[in-house]
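I have a structure I would like to understand better, so I am pasting it below and will then ask my questions one at a time.
The values are calculated or read from the model by the stated rules, or taken from the named source; none is laboratory data. Values in this document were obtained by computation on a predicted structure and should not be read as measured data. Ideal geometry is used to build each Cβ from the backbone, glycine not excepted, and the neighbour counts take in all protein chains shown.
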Amino acid sequence: MNQSVEQLRVRLACAFRWAARLDLHESIANHFSVAVSGDGRDFLINPYGKHFSRIRASDLLLVNADDPASLDCPDAPDITAMALHGALHRNQPHARCILHTHSKYATALACLADSRLPPIEQNAMRFFERVVIDDGFDGMGLGDEAERVSHLLAGKPILLMGNHGLLVAAPTVAQAFDDLYYFERACETYLTALATGRPLRIASDDIARKTCRQWLDYPGFADKHFNALMGMLDEEEPGYRL
Ligand SMILES: [Zn+2]
């Protein structure tokens, strides 16, 4: 289903509000974007300085990946946000929605020397062979660093950014948010299990691959999840739609 720019604004605002509710955000940093043009170069992104918990659909900025003047508008995006999301929307046009967070557990995993997520339960298996680990952190996401990162995704939904955080890319806002939610949950479970110091129950590659496939074939899950989240916001804080 192709969504209008107005629908995309509302859905991305919902993603921001729920990221704050679930404590996936970090202060006024981190950034979410969604492409609105066919080539992906026109996209919506959050303004610098606005807390995720207060973002409304109309607050989101419509910017262009090739236009430096996008940083001249009032409440322009954070410069690292514009560099990173601009490079990604330019170089990965299939990645329509891009969510970047420093969420607690995914970032903790990104701080380990071995940042792989082993298939120890269903949520982790959902991401089996679907995570790219960036071992090349080279400072804040500006210029060359943003360009470098933008070429790493290789068609996968999760980029675990070593020494940094998490980036999720998906064809829709609902899919991206569902991946963000489940990846963070999987990291929380893994690190909690790891903290016991006891041996992990790691599934075979075959079982992990099969379970991943079952997740991907599950009908309409991400949309149902996201619709449920929107329904709760509609009841409890409908101002996000404004
Ligand atoms: Zn970051």
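List the number of the failed condition for residue 124; all other conditions in (1) under 25 Å from residue 41 (Cα atoms); (2) away from the ligand (no atom under 11 Å from the Cβ) hold.
For residue 124, the failing item is (1).
Here is a yes/no grid of residues against (1) buried (at least 19 other Cβ atoms within 10 Å of the Cβ); (2) closer than 14 Å to residue 188 by Cβ:
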{"site": "113", "(1), (2)": "no, no"}
{"site": "117", "(1), (2)": "yes, yes"}
{"site": "120", "(1), (2)": "no, yes"}
{"site": "129", "(1), (2)": "no, no"}
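How many of the residues making up region 24-47 are buried (at least 18 other Cβ atoms within 10 Å of the Cβ), of a type outside the set (A, V, I, L, M) and within 16 Å of the ligand (Cβ to nearest atom)?
Residues flagged as buried (at least 18 other Cβ atoms within 10 Å of the Cβ), of a type outside the set (A, V, I, L, M) and within 16 Å of the ligand (Cβ to nearest atom) within region 24-47 amount to 6.
Sticking with this structure for a sec: Can you tell me which residues in region 203-229 are within 25 Å of residue 118 (Cα to Cα) and either charged (D, E, K, R) or touching a strand residue (DSSP E or B) at 6+ places or on another chain (Cβ under 6 Å) (or both)?
205, 206, 209, 210, 213, 217, listed by residue number.
Working only within region 93-121, note down all residues that are without any contact (Cβ under 8 Å) to a residue 40 or more places away in the chain and among the acidic types (Asp, Glu).
Applying the first criterion (without any contact (Cβ under 8 Å) to a residue 40 or more places away in the chain) to region 93-121 yields 112-114, 116.
Listed by number, the list holds a single entry, 114.
Take residue 90 and decide whether it is among the basic types (Lys, Arg), touching a residue at least 12 places away in the same chain (Cβ under 8 Å) and not in a loop (DSSP other than H, G, I, E, B).
In short, yes.
Pairs please, first residue from region 18-39 and on the phi > 0 side of the Ramachandran plot and of a type in the set (D, E, K, R), second anywhere and at pLDDT 95 or above and in a loop (DSSP other than H, G, I, E, B), Cβ atoms under 9 Å, 6+ apart in sequence or on different chains.
23/103
Another question, then. Is it the case that some residue within region 94-102 is at negative phi and at pLDDT below 95?
Residues of region 94-102 that are at negative phi, as a first pass: 94-102.
Among the residues that remain, those that are also at pLDDT below 95 are: 94-95.
Among the residues of region 94-102, at least one is at negative phi and at pLDDT below 95, which makes the answer yes.
Oh, and also: If only one of 173, 149 is modelled with pLDDT under 95, β-branched (Val, Ile, Thr) and either buried (at least 16 other Cβ atoms within 10 Å of the Cβ) or within 20 Å of residue 209 (Cβ to Cβ) (or both), which one is it? Lay out the reasoning, then the answer.
Working: 173 fails: modelled with pLDDT under 95.
Of 173, 149, the one residue that is modelled with pLDDT under 95, β-branched (Val, Ile, Thr) and either buried (at least 16 other Cβ atoms within 10 Å of the Cβ) or within 20 Å of residue 209 (Cβ to Cβ) (or both) is 149.
Let me ask something else. Identify the single condition in (1) within 16 Å of the ligand (Cβ to nearest atom); (2) out of contact with any helix residue (DSSP H, G or I) (no Cβ under 9 Å at 6 or more places or on another chain) that residue 94 does not satisfy, given that it satisfies every other one.
(1)
Return yes when residue 52 is of a type in the set (Phe, Trp, Tyr) and either within 16 Å of the ligand (Cβ to nearest atom) or free of Cβ contacts under 8 Å to residues at least 40 places away in the same chain (or both) and no when it is not.
It is true that residue 52 is of a type in the set (Phe, Trp, Tyr) and either within 16 Å of the ligand (Cβ to nearest atom) or free of Cβ contacts under 8 Å to residues at least 40 places away in the same chain (or both).
Working carefully through the options 165, 197, 141, find the one that is at pLDDT 95 or above and in contact with a Ser or Thr (Cβ under 9 Å, 6 or more places away or on another chain).
Values: 197 fails: in contact with a Ser or Thr (Cβ under 9 Å, 6 or more places away or on another chain); 141 fails: at pLDDT 95 or above.
Just a single option satisfies the conditions, and that option is 165.
State all residues of region 52-87 that are farther than 21 Å from residue 134 by Cβ and part of a helix (DSSP H, G or I); if no residue qualifies, say none.
52, 53, 54, 57, 58, 59, 68, 69, 70, 71
For residues in region 60-80 being within 19 Å of the chain's Cα centre (by Cα) and under 17 Å from residue 9 (Cβ atoms), which is nearest to the ligand (Cβ to nearest atom)?
In the first step, residues of region 60-80 are kept if they are within 19 Å of the chain's Cα centre (by Cα); the result is 60-63, 65, 77-80.
Next, from what is left, pick out any that are under 17 Å from residue 9 (Cβ atoms): 60-63, 77.
Numbers: 60: 19, 61: 18, 62: 22, 63: 18, 77: 13 Å.
Within region 60-80, the match that is nearest to the ligand (Cβ to nearest atom) is 77.
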